[in-house]
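To start, the structure itself, in structure tokens.
Rule-based calculations on the coordinates, nothing more; no lab input. Every value quoted in this text rests on a predicted model; they were computed, and no experiment measured them. Cβ placement follows ideal geometry from the backbone for every residue including glycine, while neighbour counts extend to all protein chains displayed.
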Amino acid sequence: MNLSFSFEKILFLDIETVPENEDFSELSTLKQELFEKKTAYQRGEEQSAAQFYHRAGIWAEFGKIVCISVGYFRSNVTPRKFRVTSFYNEDERILLEEFKALLDTHYFKKEYVLCGHNGKEFDFPFIARRMIINRIGLPEKLNLFGKKPWEVPHIDTLELWKFGDYKHYTSLKLLTEILDIPSPKEDIDGSQVAQVYYEEKNLERIKVYCEKDTITVAQLLLRFNNQPLLMDDEIEII
């Protein structure tokens with residue numbers, strides 16, 4: 001693969017989401033009914049909506065974002081440096097406004113693009129939907145109305161790996177293994193984020209996990225383009 005633009009024009013990102021409320025019982029009666037209908041196919045008859053609620057974070061209508069981590073290659077720096085920072089807050093609106101400010105201030109120009117793993121199916125639309133729910137105007141990089149497919153400023157490493165196979169899903173973890181990309185030992189996995197958030201109330205732990213995935217997305221794109229992977233001393237966490 002050969003990218004037609006500089007790695008310095010890419011904002012890599014990953015998000016972590018949780019159910020909007022800690023427990024199903026905290027939802028209004030109407031929203032409980034809507035969640036039950038929304039998840040009927042996934043649950044099957046053997047599991048109630050209340051029992052399934054721990055997975056509510058995968059839907060923007062029933063979940064919320066607790067962390068957005070971003071990474072970028074610093075311009076005109078030798079040796080190269082990859083800088084990572086995070087937006088995380090108990091108040092989702094605050095972190096979304098901060099992320100929007102970053103896009104509107106530094107990544108509004110046409111040549112900049114966003115990159116995530118499964119970003120086109122999950123991260124990018126999830127952020128956009130939660131911004132609308134929180135009454136936040138969409139930044140240009142997330143406002144896809146009227147854009148042709150080739151005008152969408154997004155790179156999806158999962159889409160690149162599919163090579164046109166729409167049925168093929170490969171996790172970030174599996175790709176790092178088969179492509180020999182060093183991956184730091186994970187403290188938690190995606191299925192534990194809600195528990196860490198609501199029971200441990202440890203947002204810092206979630207942030208660290210999110211940042212690792214953001215770095216891994218950048219490593220993946222480097223590997224796809226046959227470029228040297230990032231070394232530890234090339235990564236800056238701010």
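Residues being of a type in the set (D, E, K, R) and over 16 Å from the mean Cα position of the chain (by Cα): count how many of those fall in the range 156-184.
Here is the first cut: in the range 156-184, the ones of a type in the set (D, E, K, R) are 156, 159, 162, 165, 167, 173, 177, 180.
Filter once more, keeping what is over 16 Å from the mean Cα position of the chain (by Cα): 162, 165, 167, 177, 180.
Looking only at that region, the number is 5.
Residues in the range 163-176 that are closer than 19 Å to Asp14 by Cα and either not in a loop (DSSP other than H, G, I, E, B) or not β-branched (Val, Ile, Thr) (or both): Tyr169, Ser171, Leu172, Lys173, Leu174, Leu175, Thr176.
Note on the range 177-207: residues that are under 20 Å from Phe12 (Cβ atoms) and in contact with an Asp or Glu (Cβ under 7 Å, 6 or more places away or on another chain) amount to 2.
Would you call Glu111 more than 20 Å from Ala60 (Cα to Cα) and outside any helix (DSSP H, G or I)? Answer is yes for this residue. If you go through the range 74-93 and pick out every residue that is under 17 Å from Glu236 (Cβ atoms) and touching a strand residue (DSSP E or B) at 6+ places or on another chain (Cβ under 7 Å), you end up with 9. Among the numbered conditions (1) surrounded by 14 or more Cβ atoms within 10 Å (Cβ to Cβ); (2) outside any helix (DSSP H, G or I), the only one that Tyr197 does not meet is (2). Number of residues in the range 1-56 that are farther than 30 Å from Leu222 by Cα, out of contact with any Phe, Trp or Tyr (no Cβ under 6 Å at 6 or more places or on another chain) and of a type in the set (Gly, Ala, Ser) equals 5. Scanning the range 121-156 for residues that are in a helix (DSSP H, G or I), buried (at least 20 other Cβ atoms within 10 Å of the Cβ) and not hydrophobic (A, V, I, L, M, F, W, C) returns Asp123, Arg130, Lys141. Residues that are touching a helix residue (DSSP H, G or I) at 6+ places or on another chain (Cβ under 7 Å) and either more than 22 Å from Cys67 (Cα to Cα) or in contact (Cβ under 8 Å) with a residue 60 or more places away in the chain (or both) within the range 186-202 comprise Val193, Ala194, Tyr197, listed in sequence order. For the range 18-68, residues that are crowded, with 19+ Cβ neighbours inside 10 Å and either outside any loop (DSSP other than H, G, I, E, B) or touching a residue at least 60 places away in the same chain (Cβ under 8 Å) (or both) total 15.
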